[in-house]
Amino acid sequence: MVTPKTIGKEKTSSAKSPQERRHDIQVMVPVKNEIRKVEAFDATPGAGVQEIITGDNSSFHFLRLARIRLEEGAQIGRSLSTEEAVYYINRGSATLQVDGNSYTLGKGDVLYVGINSEIVLSGKADVSEFKAISCHTKYPVQLVRHTDIEGTELAADLGTRRPMSKRTVFKLVDKNVQANRLLFGDTYMAQRGGVGSYPPHFHGPDGPHGLGNNAKEEIYHFRCESDIEGDVPYVLQNCALPEEKVNVYAHVFDEVAINVTPTYHDTIAPPSVDFMFTWCLGSFTEGHRDWAEIFNKPGYQDEW
């Protein structure tokens, strides 16, 4: 198991609208000689609540992302109607009050909160709020501590065939949590210059290998750091369409969230760069939350 650690410097930004948060990455597609746009979002936290990914600034049907920066002594309220949410602690410690109960979370911990809920957050922390909209079943609040799944089957060690892709995928919200659409976790690499999300895989609705009603949307949110002083760390994210034989890579920098739904995804880091990412899946069909239901790029089926 790869031991989780803090990656990336603590950052803050001024308040920005969701439209200002969006900044598409443009890449040249080999052979086709055309420009492809990848939906990318500045996910740097600011004061209070910052909406990062919404229905208005993205093509996501179900998934949403906000960052919540808590200062000591402050309280922030959030309301869920037909949304369910997971609250993930990036840094610090937070107390969440839901339905008369109080939950204290540390770094890496997650709280799942179901529809028709009122949440009050307090403490000193950087929190990610991932939501799925259009949910219809209320499930109970469920607390998952990162340390509780470390060393269990929910901490999947992958990359045995390719040492460069050795990593641990911590499935924080999976079969251990009742939910309508959401699956959630974080991934840590075994070494710098690693390859994450390998092999190239796809679980979107479109393309010749689309999974239709069994499809899922997905957000990746990256934290990167370099061991070269003054370097600006980045990873290369595959954004090839399922029907394409060639790989197409975009540069993704620290504190950027991207939409990986329409394309294959695997992630390559330069030798100097260490990275981790949180990932959130939203199923098109409520209750159909099979994490392993994917389509691998032909020729890569046995590369896990």
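Just so it is clear, none of the values below were taken in a lab; they were calculated from the coordinates. All values derive from a computational prediction rather than experimental measurement. Here the Cβ positions follow ideal geometry from the backbone for every residue, glycine too, while neighbour counts run over all protein chains shown.
Top mean-square fluctuation among Pro45, Pro163, Pro205, Gaussian network model of the chain, C-alpha springs under 10 Å?
Pro163
Find how much the distance from Ala47 to Met1 grows on full extension, using 0.36 nm per residue of separation minus their present alpha carbon separation; answer in nm with one decimal.
Values: separation 46, 0.36 × 46 = 16.56 nm, distance 3.48 nm.
Full-extension gain reported as 13.1 nm.
Among the trypsin sites (Lys or Arg not before Pro) in segment 150-196, which ones are in a DSSP loop with at most 14 other Cβ atoms within 10 Å of the Cβ? Mind listing them? Show your work: numbers first, answer last.
Working: sites: Arg161, Lys166, Arg167, Lys171, Lys175, Arg181, Arg192; in loops: Arg161, Lys166, Lys175, Arg181, Arg192.
Of the trypsin sites (Lys or Arg not before Pro), the ones in loops of segment 150-196 whose Cβ has at most 14 other Cβ atoms within 10 Å are Arg161, Lys175.
Under a 10 Å cutoff between Cα atoms, tell me which one of Gln237, Gln75, Gln50 has the largest fluctuation in the Gaussian network model of the chain.
Greatest mean-square fluctuation among the candidates belongs to Gln75.
How high is the FRET efficiency from Thr147 to Gln19, r the C-beta distance, R0 25 Å, rounded to 0.05? Can you show the working numbers first?
Details: r = 39 Å, r/R0 = 1.55.
For R0 = 25 Å, the calculated efficiency reads 0.05.
State the label only: which of (i) 66, 50, 48; (ii) 64, 47, 36; (iii) 57, 47, 40 corresponds to Cα extents along the principal axes in Å computed from the shown model?
(iii)
Place a point 7 Å from the Cα of Gln75 along the Cα-to-Cβ direction; which residues of segment 87-120 have their backbone N under 19 Å from it?
Only 93-105, 117-120 fall inside the zone, counting backbone N under 19 Å.
Relative to the Cα centre, what is the charge dipole magnitude of segment 84-170, using +1 at the beta carbon of each Lys and Arg, -1 at the beta carbon of each Asp and Glu, and rounding to the nearest 20 debye? Don't jump to the answer; show the numbers that get you there.
On the way: 10 positive and 10 negative charges, 91 e Å.
Dipole about the Cα centre, nearest 20: 440 debye.
Dipole of the chain, Cα-centred, from +1 at each Lys and Arg C-beta and -1 at each Asp and Glu C-beta, to the nearest 20 debye? Please list the in-between numbers first.
Values: 32 positive and 41 negative charges, 19 e Å.
That gives a dipole near 100 debye.
Kindly state, to the nearest 0.05, the FRET efficiency for Asn176 paired with His136, given R0 = 30 Å and r defined as their beta-carbon distance. Walk me through the numbers before you get to the answer.
Details: r = 21 Å, r/R0 = 0.72.
FRET efficiency, Asn176 to His136: 0.90.
Just to verify a number: FRET efficiency for Asn247 and Thr95, C-beta to C-beta distance, R0 = 41 Å, to 0.05?
0.40
What number, in percent, do you get for the relative contact order of segment 129-227 if the mean sequence gap of Cα pairs under 8 Å and at least 6 apart is divided by its residue count? Working shown, then result.
On the way: 113 pairs, mean separation 18.9, N = 99.
19 percent.
Report the extension gain between Ser59 and Arg192 in nm, rounded to one decimal, defined as 0.36 nm multiplied by the number of residues separating them, less their alpha carbon distance.
Values: separation 133, 0.36 × 133 = 47.88 nm, distance 3.22 nm.
Full extension from Ser59 to Arg192 adds 44.7 nm.
Considering only Asn176, Asn213, Asn101, give the residue with the highest GNM mean-square fluctuation for the chain, with springs between Cα atoms whenever their separation is below 10 Å.
Asn101
Just name one of Gly100, Asn90, Ser17: the one whose Cα is farthest towards the positive end of the charge dipole of segment 1-142 (beta-carbon charges, Lys/Arg +1, Asp/Glu -1).
Asn90
Could you list the chymotrypsin sites (Phe, Trp or Tyr not before Pro) in segment 88-173 that lie in coil according to DSSP, counting only those with at most 10 other Cβ atoms within 10 Å of their Cβ? Let's see the in-between values first.
Working: sites: Tyr88, Tyr103, Tyr112, Phe130, Phe170; in loops: none.
Qualifying residues, ordered by number: none.
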